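The next block holds one structure in the form of C-alpha cells; read it before the comments.
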Amino acid sequence: MQKRSRTDVWIVFIILFSVVAVYAQIANHLFLNYDDPLYISENPIVQKGLTRDGIAWAFSFESKTVWYPVTWLSHMVAVQLFGLKPGMHLLLNLFFHVLNCLMLFLFMRYSTRSLWASACVAALFGLHPLHVESVAWLSERKDVLSTFFWMATLMSYLYYTRRPSLVRYMWPLLIFSLGLLSKPMVVTLPFVLLLVDVWPIERFSLNENRKDWGGSIASLFLEKIPFFLLSILFSAITISVVNSLKTTTGLELLPLGTRLINAAVAYAAYIVKMIFPVGLSVIYPYPECYALWQIVGSVLLVGGLSVFSIGSIRRRPYMAVGWFWYLGTLVPVIGLVQVGLQGLANRFTYVPLIGLYMLLVWSYHDLPESSPVVRRAKRMGMVAVLIVLSVMSYQQVTYWQNSVTLFRHALDVTRRNYVAHTNLALALLGEGKTDAAIGQFHKALAINPDFKEARIKMGPVLLRENRFIEALANYGRVSGDYPEFAEIQFNLGNALAEMHRFEEAIAHYNRALKANPKFPDCHNNMGMAMVAKGHLKEGIFHFRQALQIKNDFLEAKNNLRIAQAQLAAQKE
C-alpha cells in the first residue's frame with residue numbers, strides 16, 4: 001500500500017509538472033481584444049477589485065452577458081490580488097486547470113482503483129491542445145472555474161456514495177450550485193451523475209436481475225431530482241437572459257434543419273480534432289454549407305458509435321458511459337440554440353472530451369497483454385502520444401501571446417474568417433498600423449458585407465483619416481438596420497459635419513440623442529453644428545447639456561464660452 005501511494009504521488013507530480021511546463025509561457029501573454037475588454041481590461045466595475053458595489057453588480061443581470069456571478073467575482077478577486085497584470089490572471093486560469101487535472105485523476109483513481117488508466121485520462125485532459133483555449137484565454141475563466149466545481153461535485157458525490165447521509169448529500173448539491181453560478185453549461189452534470197452510477201462508481205449494474213432494474217433506476221433518479229431542478233432553474237434563467245440581450249440567432253437566419261445538420265457535423269468534427277488536433281482556431285465561422293459526404297458521414301459515425309456503445313454496455317460499461325458523457329455534455333453548446341457566430345469552438349470540448357478520454361483509455365487498457373513486453377509497449381505507446389500532445393499544446397499556447405498572433409494564426413488555418421479579419425484589424429489599430437487595419441476591415445466586409453461590427457469599428461478610423469465620403473458610405477450600410485444605435489448616428493453626423501452638410505448632421509445627432517439622451521459628445525457636436533448654422537441659442541443649450549452630464553468636459557466649456565460671447569456680440 002505504501003509503494004502504491006508513492007507511485008500515485010510521483011504520477012501526479014509528473015502530470016502536473018508537464019501541464020505547468022506547457023502553459024507557463026502564458027505568464028508573459030497580454031490581454032486580447034476578443035472578449036477580454038468586456039470581462040476585465042475595459043470593465044470599470046471589475047477593475048475596482050472586490051467591492052460591495054461590484055458584488056451586487058455580479059449578482060445582478062446588468063453585465064450584458066450570460067449570468068455567471070461567481071466568475072465575475074473571481075475576476076474581481078484577481079484584480080484585488082494582482083492588479084491588471086494579464087500574466088497573473090492567466091496563471092490563475094492555469095491554477096484551476098491544474099486542480100481540475102488533479103481532481104479528475106483522484107476521482108478516477110478512487111472509483112476504479114486503476115492507477116495507470118486514471119493517470120492517462122488526467123494527462124490527456126491536462127495536455128490536449130483542444131483545451132488550450134480554455135486556459136490561455138482570460139475570458140474563459142468561466143470554463144476552468146466551472147469545471148473546478150464540476151470535479152469537486154464528482155469528488156463529493158463519490159464521498160457521499162461510500163456512506164450516504166443527508167449531510168454528505170448536501171455537499172455535492174451545494175458545490176453543483178456554485179458551478180452553475182460559474183457557467184450554465186454545468187446544467188448537464190445531473191445527467192453525468194446518473195452515468196457514473198453505472199460506471200465507474202457502479203451503484204447500478206446491468207448484470208443484475210432485470211426485475212430489480214426498475215426500482216434501482218427509479219431510486220437513483222429520485223436521488224438526483226434536486227440537481228435536475230437546479231438545472232432547470234438555471235437553464236430558464238440563461239434562456240431568459242440571452243433572449244433579453246438579443247444574442248441568439250433567430251430561426252429565420254438559421255433554420256432548425258441547418259442547426260441539426262451543423263450539430264451532427266460538430267459532434268463528428270470534435271472527434272476528428274481530438275484525434276488530429278491540427279489547424280485549431282479561436283473561431284470557426286459558421287459554415288455556409290456542408291458537402292453531402294460530411295453530413296452522411298457524421299450521422300453514420302455518431303449513430304454507429306451510439307449503437308455500438310449501447311451494445312457493449314454489459315461487458316464494457318465505460319464505453320456507453322464515456323460516449324453518452326460526450327454526447328450529453330455538448331448539448332447546451334452544440335448549436336440548437338445559437339449564441340454567437342461560431343460553428344464550432346474548441347473551448348466547448350473542455351468537459352465533454354473527458355468522456356471520450358475514459359472510453360479510449362479503458363478500451364486501450366483492456367487490450368490483451370500476453371507478456372510483460374506487451375504491457376511495457378502499451379505504456380510506452382501512451383507516453384509517446386502524451387509527449388506529442390504536449391509539444392502540440394506548447395505550440396498552440398504560443399499563438400495566444402497577443403491579439404495579432406492569435407488572429408493571424410486563425411486566418412492561416414481557416415477560410416473566409418471575417419471575424420478574425422475584424423479582430424486582427426482592431427489589433428493592428430492598437431499598434432498604430434492604420435492602413436493595414438483598414439485593409440483587414442475591407443477583407444472582412446468582402447467576405448460578409450453585412451457584418452455590422454466591422455463597419456461600426458471601421459467608421460471612426462475612416463473619420464480620423466479624413467476619408468469622409470468613404471465613412472459616410474460605410475455607415476450608411478448599417479444605419480438603416482440600427483437607427484436606434486447612438487454611436488452609429490453620432491459618427492454619421494460627424495462625417496456629414498466635416499463635409500459642412502450641417503442640416504443632415506443635425507438630423508443624425510438628433511437620432512443619436514433620442515437613442516441616448518445622456519451622450520455628452522453628441523450634445524457637444526450638435527451644439528457646434530447648431531452654431532455653424534447660426535442657431536446660437538440652440539447651440540448653447542446643447543453645450544450646457546453636455547456639461548450637465550460631464551462637468552469636466554473642457555471642449556464643451558470652451559464652446560459654450562465662445563457661443564455665449566457671439567450671442568452677446570449679436571445683442572450689442
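Throughout, read-outs are computed from the coordinates displayed, never taken from laboratory work. Given the structure is predicted, the values throughout are model-derived calculations rather than measurements. Reconstructed Cβ throughout: ideal geometry from the backbone, glycine too, with neighbour counts over all protein chains shown.
For K518, go through the lysines and keep the ones whose alpha-carbon is under 18 Å away, minus same-chain ones fewer than eight residues off.
Partners within reach: K550, K557.
Please report how far the C-alpha centroid of the stretch 530-567 lies from that of the stretch 426-473, rounded to the nearest whole angstrom.
Each part reduced to its Cα centre gives a spacing of 31 Å.
How high is the relative contact order of the stretch 2-398, in percent, counting Cα pairs under 8 Å that sit 6 or more residues apart? Don't jump to the answer; show the numbers that get you there.
On the way: 480 pairs, mean separation 79.6, N = 397.
Value for the stretch 2-398: 20 percent.
When you count, for each residue, the other Cβ atoms within 10 Å and take the mean per peptide, how do 284-295, 395-406 rank with the highest first? Mind showing how you got there, number by number?
On the way: 284-295: 14.1, 395-406: 19.3.
Highest-to-lowest ranking by the protection proxy: 395-406, 284-295.
Report, in degrees rounded to the nearest 10, the 0 to 90 angle that the Cα long axis of helix 166-180 makes with the longest principal axis of the chain.
Orientation of helix 166-180: about 40 degrees from the principal axis.
Take the residue pairs K514/K571; K85/K142; K183/K514; K48/K85 and return only those whose Cα atoms are more than 25 Å apart.
Values: K514/K571 32 Å; K85/K142 19 Å; K183/K514 36 Å; K48/K85 14 Å.
Pairs exceeding the cut-off: K514/K571; K183/K514.
Would the stretch 1-156 count as rounded, prolate or oblate if I go by the C-alpha gyration tensor, calling it rounded below 1.5 in a/c and otherwise prolate when a/b exceeds b/c, oblate otherwise? Could the numbers behind the result be given before it?
Values: a/c = 2.63, a/b = 1.93, b/c = 1.36.
Since a/c reaches 1.5 and a/b is larger than b/c, the shape of the stretch 1-156 is classed as prolate.
Run lengths n ≥ 4 of DSSP H only: what is the helix-derived mean residue ellipticity at 222 nm for the chain, with -39500 (n - 2.57) per run over all residues, to the nearest 500? Kindly include the intermediate steps, with their values, before the conclusion.
On the way: 26 runs with 401 residues, N = 572.
Taken over the chain, the calculation gives -23000 deg cm²/dmol.
So how do E487, E62 line up by other beta-carbon neighbours within 10 Å, fewest first? Can you show the working numbers first?
Details: E487 18, E62 10.
Sorted ascending by nearby Cβ count, the order is E62, E487.
Over the stretch 465-572, what is the mean sequence separation of C-alpha contacts under 8 Å (at least six apart), divided by residue count, expressed as relative contact order in percent? Present the calculation step by step, with values, prior to reporting the outcome.
Numbers: 133 pairs, mean separation 19.6, N = 108.
Relative contact order of the stretch 465-572: 18 percent.
Would you mind getting me the FRET efficiency between L222 and V272? Use the beta-carbon distance for r and R0 = 25 Å, nearest 0.05. Provide the component values of the computation, followed by the final result.
Values: r = 39 Å, r/R0 = 1.56.
Calculated transfer efficiency: 0.05.
Using only Cα atoms, locate the centre of the stretch 1-42 and the centre of the stretch 345-403, then give the distance between them in Å, rounded to an integer.
16
In what sequence, highest mean first, do 128-138, 15-25 appear when ranked by Cβ atoms within 10 angstrom? Mind showing how you got there, number by number?
Values: 128-138: 25.4, 15-25: 18.5.
The densest-packed peptide leads the list: 128-138, 15-25.
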